[in-house]
Amino acid sequence: MLLQRLSPPREAGQLRPLPGRRSPMMLVVGVALTALGALVAWQVYGVASQRVPVLVMARDVPVGQQLQAQDLRTVALGLDAAVQSVDAAGKSAVIGKRAVVDLRAGSLLAPAHVTETLVPAPGEVVVPVALKPSRLPARGIQPGDRVVATAVSSGEASRGVAQDQPARVDRVGQPDADGLVVVDLVVPAAAGTALARRAAEGMVAIVLQSRAG
C-alpha cells in the first residue's frame with residue numbers, strides 16, 4: 001500500500017499566498033494610467049505657463065464714452081488663440097477711443113469693442129431700411145460702401161417723382177423669415193426723417209456707387 005503524503009490542514013482564516021508574478025493585463029493598465037496622468041499634467045502646465053498680459057475693464061464704460069487709463073487694468077490669462085483680446089502693451093493705443101458697446105467691469109477687452117469714430121457722428125443719423133433682394137445690387141453691399149437710396153412713395157410713383165439720398169452703409173443684416181434684408185444707412189440728420197418715412201412705405205432701392213477711392 002502506497003502512503004499518500006497529506007498536506008497539513010489549512011488553518012481557518014489563512015489567506016492563499018499571492019502569485020509571484022503580476023498579471024500582464026494589470027501591467028498594461030498601470031502603464032496606461034501613468035501615461036495619462038503625465039499627459040494631463042503636461043497640458044495643465046502648458047496652459048498655465050502660456051499666460052499673457054491682456055486688458056480687462058476696471059469699471060463700467062457706457063457705449064460712446066471715451067476710454068481713460070483708469071478704466072483698464074492688466075491681468076495675465078491663459079487664452080485660446082481664437083479668443084480676441086488686446087495685449088497689455090497696446091494700452092496706450094486704446095486710450096481715447098470710444099466704446100462701441102457697453103463695457104462691463106471685469107470683462108475682457110477686444111479690438112472690436114472700441115473705435116476711433118462713433119457712428120453716427122454729430123449731425124448724422126442711422127436709418128434702417130428693410131429691402132427685398134431685388135432692391136439690392138446682386139454683388140451685395142458692405143459696411144463703408146457709398147450708396148444712393150432711391151425712395152419713391154406710392155403717391156409719387158404715378159407722377160414719376162423720385163428722391164435720391166446719398167448715404168453710407170453702416171451695417172447689413174441677415175435675411176429675415178420674409179427674405180428682407182435690413183440695411184443701416186448713415187445720412188445727414190436733416191434727411192433722416194424723410195428717408196425713414198419712405199423706407200416704412202417699402203419704396204426704397206439701393207444704388208451702389210464706385211468703390212474706388
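Only the coordinates and a few stated rules stand behind these numbers; no lab work does. As the structure is a prediction and not an experimental result, all values here were calculated from the model. Note: ideal-geometry Cβ built from the backbone for every residue, glycine included; neighbour counts use all protein chains shown.
Overall form of the range 90-213: prolate. Here a/c, set by the Cα gyration tensor axes a ≥ b ≥ c, is 1.5 or more, and a/b is the larger of a/b and b/c.
All other residues whose Cβ lies under 11 angstrom from that of ARG146 are scored, Lys and Arg at +1 and Asp and Glu at -1, for a net of +1. For LYS97, the residues whose modelled amide H falls within less than 5 Å of its own, excluding neighbours fewer than 5 places apart on the same chain, are LEU67. Over all other residues within a Cβ to Cβ distance under 15 Å of GLY106, the charged ones net out to 0, with Lys and Arg as +1 and Asp and Glu as -1.
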